[in-house]
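The values are calculated or read from the model by the stated rules, or taken from the named source; none is laboratory data. Just so it is clear, the structure is predicted and the values come from calculations on it, not from any experiment. Don't worry about glycine lacking a Cβ; one is built from the backbone with ideal geometry, like all the others, and counts go over all protein chains shown.
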Amino acid sequence: NKQVILKHYVSGYPKESDMELKNSTIKLNVPEGSNVVILKNLYLSCDPYMRGRMKKTEGSYIDSFTPGSPITGFGVAKVLESGDSNFQKGDLVWGMTGWEEYSIVTPTQNNLFKINDKDVPLSYYTGILGMPRMTAYGETVFVSAASRAVGQLVGQFAKMLGCYVVGSAGSKEKVDLLKSKFEFDEAFNYKEEHDLDAALKRYFPDGIDIYFENVGGKMLDAVLLNMKLHGRIVACGMISQYNLEQTEGVHNLFYLISKRIRMEGFIIFDYFHLYSKYLEMIIPKIKAGNVVYVEDVVEGLENAPTALVGLFSGHNIGKQVVMVSSE
Ligand code: NDP
């Protein structure tokens, strides 16, 4: 069983060398009386929150990885054997699994969902039909990290709800994609803007109603200056802070008060009960071609560390997925 192991806790930017590929043996049968499920992993999801799990944290909404053990994350898999009556051999599932060829999981602990609709690409269950999906289900106006897994969907859902949507991203290619493919009204490359405040004023001369926050740091500071009175900030993630030993200070926080802005964080795990409703809404839209969804799929478990590390330098265009096996 080929596995990607986290060697040690990480400080600063994660590197490929923080992980290693190992071989282990695994018994592919369910012990008598056990309710575990044996999975053959097909697709693995690379997500920014995994950086937080590479260090020792307490009181977080999700446990740290265990050094010396395989990395875990969301993925799509096939059931080889099942000790749980809700899952049968041959079922396709998505949920928390290991960065390895085969995993033994407990369905209730691993949030395993059975995949019923199979005539969409299976890798979509790591993204638009998996965890980053409902993260983006809401309304928005300004979206940072807009070309990625969450951002591309946030923008499209906001457009469906009739909003004026502007996104920021880190390269010309991504900015073009936002405007041409994802139909954002406007987009800009934050790396080329010396003055983020001026950039936001260009696109929002009357201010921002809703900001979907993915990056934090300097961008959040500039956005606070440009929010409208009674604006709302959906605090989804702050990727610019994940690799810093000392997080950057936000200087403009006082505007939360003077502009009566509401800023609220959320964690997608609180919304799993809405999953079937979300599928009812989104699957017909995917099949009718009404949502655009871009993935960046690399092949081979051995390429998983590079894919994960690449998130933090913006290598991925769209949702980063690792294909372990196609069936
Ligand atoms: P992706 O993995 O798809 O993309 C990561 C992207 O972030 C990179 O491609 C890069 O693009 C951008 N980025 C990296 N470093 C920086 C930086 N220093 N400043 C600005 N942008 C940077 O991300 P997701 O769409 O999956 O996740 C987006 C955010 O949503 C993250 O903050 C994540 O933690 C959060 N999240 C929160 C959830 C929740 O439940 N609250 C659930 C899922 C995600 P670029 O070229 O544009 O710089």
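Close contacts from segment 165-176, counting a first residue that is over 9 Å from Ala146 (Cα atoms) and a second that is more than 9 Å from the ligand (Cβ to nearest atom), with Cβ to Cβ under 6 Å and a gap of 6+ residues or different chains, come to Val165/Gly155; Val165/Ala158; Val165/Lys159; Val165/Phe184; Val165/Asp185.
Across segment 195-222, which residue is surrounded by the most Cβ atoms within 10 Å (Cβ to Cβ) among those that are touching a Ser or Thr at 6+ places or on another chain (Cβ under 7 Å) and of a type outside the set (Gly, Ala, Ser)?
Taking segment 195-222 as the starting set, the residues that turn out to be touching a Ser or Thr at 6+ places or on another chain (Cβ under 7 Å) are 210, 212-217, 219.
After this cut, where a residue has to be of a type outside the set (Gly, Ala, Ser) as well, the list is 210, 212-215, 219.
Details: Ile210: 19, Phe212: 29, Glu213: 21, Asn214: 27, Val215: 24, Met219: 23.
Filtering segment 195-222 for residues that are touching a Ser or Thr at 6+ places or on another chain (Cβ under 7 Å) and of a type outside the set (Gly, Ala, Ser), the one surrounded by the most Cβ atoms within 10 Å (Cβ to Cβ) comes out as Phe212.
Taking Tyr13 as the residue in question, decide whether it is in a loop (DSSP other than H, G, I, E, B) and in contact (Cβ under 8 Å) with a residue 24 or more places away in the chain. Yes; evaluated as a whole, the condition is true for this residue.
Quick check, is Ala187 in contact with an Asp or Glu (Cβ under 6 Å, 6 or more places away or on another chain) and either of a type in the set (Gly, Ala, Ser) or surrounded by 20 or more Cβ atoms within 10 Å (Cβ to Cβ) (or both)? Working first, answer last.
Values: in contact with an Asp or Glu (Cβ under 6 Å, 6 or more places away or on another chain): no; either of a type in the set (Gly, Ala, Ser) or surrounded by 20 or more Cβ atoms within 10 Å (Cβ to Cβ) (or both): yes.
No.
Taken over segment 217-234, the residue count meeting the criterion of being away from the ligand (no atom under 12 Å from the Cβ) and in contact (Cβ under 8 Å) with a residue 40 or more places away in the chain is 1.
Every condition in (1) assigned by TED's automatic domain parsing to the domain that holds Val143; (2) more than 20 Å from Phe142 (Cα to Cα) is met by His273 except one, and the failing one is (1). Filter segment 73-114 down to the residues that are aliphatic (A, V, I, L, M) and under 17 Å from Pro31 (Cβ atoms) and list them by number. Answer for segment 73-114, where residues must be aliphatic (A, V, I, L, M) and under 17 Å from Pro31 (Cβ atoms): Val79, Leu80, Ile104, Val105. For segment 34-91, a residue qualifies if it is more than 21 Å from the chain's Cα centre (by Cα), part of a loop (DSSP other than H, G, I, E, B) and buried (at least 17 other Cβ atoms within 10 Å of the Cβ), and the qualifying residues are Val36, Gly83, Asp84, Phe87, Asp91.
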